[in-house]
Amino acid sequence: MPTSSETPAATVGTDGAATKLTANNIRAALDGLLERRTDQTRLTSMGAGSDDLDDGRAYLAATVDGGWHVPTWPATHGGRDASVAENQLIGSVLREYVVPDLYPFAIGLGMVGPALLAHGTAEQQDRWLRPIASGAEIWCQMFSEPEAGSDLANVALSAVQDGEVWRLGGQKTWTSRAMWSEWAICLARTDPDQPKHKGLTMFVIAMGAPGVDVRPLRQMNNDAHFSEVFVDGAVVPDAWRVGDVGEGWRVAMTILSHERAGAGSRGGGDGAKRGARVPTWITDLAALGALDDKVRRDEAMSIYAADMASRWTAQRAADEARSGGSPGPAGSGAKLRTVSSYKRRAYLANRAAGAAGMLENGHGHIETVTAPSMSIRGGTDEIQRNILGERVLGLPGEPRLDRDVPWRDSRKGML
Ligand SMILES: Cc1cc2nc3c(=O)[nH]c(=O)nc-3n(C[C@H](O)[C@H](O)[C@H](O)COP(=O)(O)OP(=O)(O)OC[C@H]3O[C@@H](n4cnc5c(N)ncnc54)[C@H](O)[C@@H]3O)c2cc1C
């Protein structure tokens, strides 16, 4: 009898051959490509404290031919046409291997790729998907602006059509990874006379194009991973428009639901591996002597339990998204739980280090000074709760007085 990890998930094969996918034949393929994890393998979180692109590039380059990192993508574009069950099986086996922190590549892999599969043309998919899957090209997400964060539909950066091209002008801010990126997915206003959600269109913009100026901002964890981006007359071919003119909000919602669902799922995880292995954050605490204290031990176990529940929920939302559904409110719940778990782990580790935790290289320091941003990036905790309140609990919606007003009029006095 096969064990559950040996139960074939289904038929697969990048060459089209009907091969049963089992944990063992996934291991047989990955052993030639990746290193197995040991209890000493250290993990980083969301790129904090690191500007290293090479490990991620090497990992993605090694896994792209087998389609191991984005298994549900088409085999022609760096995936392997895997089903949700196969994807889960591959994800659980991948946890046995060294998977670097893929923060620099996360927008392409987790958000732009799925959006291009849902809304992109065949030419766009051919041009952009495989370089995302192989790590050859990095992407960023140009959504937020000084006046459009939680109220994202208020985006003002304008795109004006001029024959076969569009000319873009305005300012984005908090654009993570902009300084590493070849490409951005950019939400722009194409019709100021429509209500705010309706006059938006999504474009791909080349970050090296004339008229695109990237200015990195330093964060309190000392990273300079996000930037202001000033756009002045940058030219974008109409062939780089993603979705129809005026459909930008719909594309943005696809991207955001994948962002929330993806928070906490595969890539640069926190040490949980299939089976009963103790995550490294707990062995680190034990090594510090922090778990000799009953109250801290209790807190660590409570975080561990919440963390596992959060991981499985995030995985479910991500699988729903990969199987063509929208992760929707499940993604918001997953993001809230993942953020809470991350913060509790960081603060516990930092408290356990005592005064040394205040030092830059102190235990839990980098995670502690990164933690507040987790509640903001990808939509704030308050916004996730609004989504859950309205869409899951059926509570009355927020007053939205500008919903049906032409965007230009809602901005009177500001334009
Ligand atoms: C580390 C980091 C990385 C980021 N990366 C990117 C990126 O790559 N691309 C990108 O486009 N953006 C990015 N952002 C921007 C992020 O999405 C926004 O900061 C976020 O959506 C909040 O917008 P805001 O900063 O304008 O705050 P505001 O929208 O001005 O909110 C201020 C406060 O008011 C609260 N609030 C606002 N509206 C409501 C409401 N209706 N109900 C209840 N409370 C409300 C908020 O929760 C918040 O506490 C990043 C942010 C951070 C911190």
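Observations on the model:
- Cα pair distances exceeding 17 angstrom across segment 159-253, given as percent: 51
- 12 Å beta-carbon shell around Leu34, net charge (K/R +1, D/E -1): 0
- Asp213 versus Ser150: modelled label distance in nm, points set 7 Å from Cα along the beta carbon direction: 3.1
- Structure-based [θ]222 nm, the chain - -39500 (n - 2.57) summed over DSSP H runs of at least 4, per residue, nearest 500: -11500 deg cm²/dmol
- Surface per residue (accessible, 1.4 Å probe) for segment 21-133, Å²: 38
- Shape summary of segment 100-234, radius of gyration then Dmax from alpha carbon positions: 14.7, 46 Å.
- Computed with a 1.4 Å probe on the full set of protein chains, the accessible area for Tyr103 sits at about 20 Å².
- Sulfur and carbon atoms: percent of accessible area, segment 67-166 [1.4 Å]: 51
- Rounded to the nearest angstrom and listed largest first, the equivalent-ellipsoid semi-axes of the chain from its Cα gyration tensor are 35, 27, 20.
- Neighbourhood net charge (10 Å Cβ-Cβ; Lys/Arg +1, Asp/Glu -1) for Val245: -3
- Binning the alpha carbon pair distances of segment 21-133 at 10 angstrom intervals from zero yields the distribution 14, 45, 33, 8, 0, expressed in whole percent.
- In Å², nearest 10: area of Arg391 left accessible to a 1.4 Å probe: 150
- Near Val229, once Lys and Arg are set to +1 and Asp and Glu to -1 for all other residues with Cβ below 9 Å from its Cβ, the sum equals 0.
The values are calculated or read from the model by the stated rules, or taken from the named source; none is laboratory data. Quick caveat, the model's predicted, so the values are computed rather than measured. No Cβ is skipped: glycine too gets one built from the backbone with ideal geometry, and neighbour counts run over all protein chains shown. We work out accessible area using only protein heavy atoms, side chains counted, and drop any ligands, DNA or RNA first. Shrake-Rupley method; radii C 1.70, N 1.55, O 1.52, S 1.80 Å.
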